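Report on the following structure.
The values are calculated or read from the model by the stated rules, or taken from the named source; none is laboratory data. Because the structure is a prediction, the values reported are computed rather than measured. Cβ atoms come from the backbone with ideal geometry, glycine included; neighbour counts cover every protein chain shown. Note: areas computed on protein heavy atoms with side chains; ligands, DNA, RNA excluded. Shrake-Rupley method; radii C 1.70, N 1.55, O 1.52, S 1.80 Å.
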Amino acid sequence: MSAPAAAGAPTGGFHGAQFAVFAVLLAAVAVLGFVATRWRRAGPGALASLDDWGLAGRGFGGFVAWFLVGGDIFTAYTFVAVPGAMYAAGAVSGWYAVAYTTLVWPVVFVLMPRLWTLSHRHGYVTPADLVRGRYGSRSLALAVAVTGIVATMPYIALQLVGMQAVLEVMGVGTDRGNALVRDLPVIIAFGVLAVCTYTAGLRAPALIAFAKDLLIYLVVAVAIIVIPHRVGGFGAVFDAAEGKFDAANTAATAAGRHPTAVFIPGPKDFLAYGTLALGSAMALFMYPHAITGVLATRSREVIRRNTAVLPLYTLLLAFLALLGYVAIAAGVHTTNPRLAIPLLFDQEFPAWFAGVAFAAIAVGALVPAAIMSIAAANLFTRTVYVGHLRPAATAAEEAKVSKIASLLVKAGALVFVLGLDTQNSINLQLLGGVWILQTFPAVALGLWRPRLHRRALLGGWLVGMVYGTLMAYEQHSPLAHHFGGSLATVPGLGRAGYIAVTAFALNLVIAIVGSVALWLAGVPNGPDATAGPDATAGPDTTAGPDTTASPDLPAPRTGQPAPAAGPTSSPPTSSPPTSSS
Amino acid sequence: MTEDRRASERGQRKGPAHLDRTGRGHRRRGARRPADSRLAIAPLARMATAVVLGCQIAAVLLVGTYARRGPRLWGVPFFYWYSLLWLLIGAVGMAGCVWLLSRAEATRSGASGDDGRRA
């Protein structure tokens, strides 16, 4: 299976057979990415608008959407960072990801059908579009857009880190002396990805997502069945993990350091575990790329039905997380947690299958990175470019700007990789979470009435961003002086909690109190472009003769007489008050 | 804004749905009933949904209720398998909610609106 060219490479630790399989699979995926240009395409005029390039024509059904939305979540991050955190520190750092991806589905169930309805009706492409329309505030939309872009970059960077990890284990680019040589494979892969995305838009990652998930399911199934069995079953795996953490904590305490490993959370960890889970769950679908996946679906029902099936991804994430413990039991030794899983695969699998596994991780990095860069580019185009620079831009111009912006976003992600502590790579995602969660009041609460006041929302956002960033900046770890962790003592509670949630609480209080104050003071709120008889409860499945089957109906105009004005079609848990502020 | 343009572009496109299994093109005719006939079922379905989703969220967030080692299941400590149990309960619960809500909406949109859900 090994190509002679690869096998004959010079580096000492280079794994030729692995790399050959890896390279072949990645090349195949690249071809798929270019084929995507023609996939589900409308005609020669397609790809010339943002709806088509950035949302693939808003026509994905349940099957494609399942892969696409799953592809957002099941990233190289889950493959590398979560098991790495399990390997290094156990439950609070690692297993919380399972709790958070459990909680995310109810959140999606409630928020996303409503978001889809509003966006579909008014042609919104990004969350910032929604905020702009809902509050009539360009500055609030800009805040949401900038937050989205900035928060997405560390997430893309995390994908790069995941790729670096597998390359490092394969012995590619271990030449520490030359930064260019070291990072060349990643740069090449991202270059190819950039070109695919540029030409095919969202269709590229959507099509590649099939290949990616096939590979990942295969690898996870084999890994979770074969490896634990070899090391003596799950009982032995957990015993080994507990033994390692006990030893590590004893050693840390003896050395005068704070013990960090947690096998089962103790009472002082409950708040940290709970806030990490809740904050991440609320944050995940505020990310522009997650919303992009949702908006590319063809109907509200597709989203809802999918929430019942998407937990399968969480189950796989749980298996992957457990592989972190399996690595402990299998005797993998590394001081760099993100290498734990690649090293486990390298140690336990035959070379060719390790190559498949590494390709799965790398493709798992490329798909989300593509979706993320598209989403961030759409944010830039719609809010910054059209919203502030060139309001008269044509659809073709929008698509073109977005394509270029998608390239720039990928470059921006590199800055995070070079500038931050990638050893503790899970923090990259948590830092993005701190920022993106601050858009929750404007975006998620903006889906229903009564509306909060736009100025109060902006104030809350500002305070949340500043507080969250400062707190994150102050956290230091043995490896990093700043941005070394995502937990900080919650004022008033005396226990550590996720910074994002503390900042969000501040944000929310300011938004609500400020809204009441501004309302009492008689300061007018912005115009609501979505207002109209159908604004609170658009029964979209009954709005047209055929909305579910045909997503291509022109969006009904604002102010069109509502066909039916019941509260029934807005998502379940919040019955919207009929009054508007 | 540019909505007219966008809308007309969307209107031109008729996507082939050959790769979609779940979102089959069942037509739902919008035979709508007057408002009163649908208000009875929907709030119940939505309340049930709120309870189901709320339970799942509360169960996961009450970390103290399950941060224990035993009893083990196939060697997996309680804390770990209990988390996964709630994932399963949540998925089944949400499937139930989808069914309830779509039934409520089908009822409200008239008899002919039901065919797309059952097939």
**OP:** Please average, across the residues of A:266-278, the number of beta carbons from any other chain that are within 10 Å of each residue's own beta carbon, and give a whole number.
**Re:** 3
Original post:
So what are the ³J(HN,Hα) numbers for segment A:230-247, from phi and the Karplus equation (6.51, -1.76, 1.60; θ = phi - 60°), rounded to whole Hz, Gly and Pro as x?
Top reply: 5, 9, x, x, 5, x, 5, 4, 5, 4, 5, 5, 4, x, 5, 5, 4, 5
**OP:** Tabulate in residue order the Karplus-calculated ³J(HN,Hα) for segment A:207-224, using 6.51 cos²θ - 1.76 cosθ + 1.60 with θ = phi - 60°, rounded to whole Hz; enter x for Gly and Pro.
**Re:** 6, 5, 4, 4, 4, 4, 6, 4, 4, 5, 4, 4, 5, 5, 4, 5, 5, 6
Subject >> Protection-proxy order for peptides A:251-263, A:223-235, A:83-95, each taking the mean of Cβ atoms within 10 Å per residue, highest first >> reply: A:83-95, A:223-235, A:251-263
Original post:
What shape does segment A:206-319 take by its C-alpha gyration tensor, where a ≥ b ≥ c are the square roots of the eigenvalues and a/c under 1.5 counts as rounded, a/b above b/c as prolate, and the rest as oblate?
Top reply: oblate
Original post:
Which of rounded, prolate, oblate describes segment A:330-421, given a ≥ b ≥ c as roots of the alpha-carbon gyration tensor eigenvalues and a/c under 1.5 marking rounded, otherwise prolate only if a/b is larger than b/c?
Top reply: prolate
**OP:** Determine the total buried accessible area between chain B and chain A, counting protein heavy atoms only with a 1.4 Å probe; round to the nearest 100 Å².
**Re:** 6300
Original post:
In terms of modelled amide H atoms, which long-range or inter-chain residues lie less than 5 Å from the amide H of A:G90?
Top reply: A:V262
**OP:** Have a look at segment B:62-108 and give its Rg and Dmax from the Cα atoms, expressed in angstrom.
**Re:** 16.0, 49
Original post:
What's the average, rounded to a whole number, of partner chain beta-carbon atoms within 10 Å of each residue's beta-carbon in A:122-135?
Top reply: 1
Original post:
Per residue of B:77-89, how many C-beta atoms from partner chains lie within 10 Å of its own C-beta, taken as a mean?
Top reply: 5
Subject >> Amide H partners (placed H, <5 Å) of B:V76, local residues excluded >> reply: none
Subject >> Exposure rank, largest accessible area first [A:D72, A:D239; 1.4 Å] >> reply: A:D239, A:D72
Original post:
Of the cross-linked pairs A:K244/A:K410; A:K212/A:K403; A:K244/A:K268, which ones have a Cα-Cα span greater than 28 Å in the structure shown?
Top reply: A:K244/A:K410
**OP:** Mind putting a number on the dipole of segment A:112-242 about its Cα centre? Charges go on the C-beta only, +1 for Lys and Arg and -1 for Asp and Glu, and I need it in Debye to the nearest 20.
**Re:** 700
Original post:
Probe 1.4 Å, all protein chains in place: accessible area of A:W352 in Å², nearest 10?
Top reply: 140
**OP:** Note down the accessible area of A:M286, probe 1.4 Å, to the nearest 10 Å².
**Re:** 10
Subject >> Extension gain (nm, one decimal) between A:E474 and A:T250, 0.36 nm per residue minus Cα-Cα >> reply: 78.0 nm
Original post:
So how exposed is B:L73, as accessible area in Å² (1.4 Å probe, rounded to 10)?
Top reply: 70
Subject >> Sum of side-chain charges, A:A143 neighbourhood, beta-carbon under 12 Å (Lys, Arg +1; Asp, Glu -1) >> reply: +4
Subject >> FRET E, pair A:A505, A:H258, Förster distance 25 Å, beta-carbon r, rounded to 0.05 >> reply: 0.50
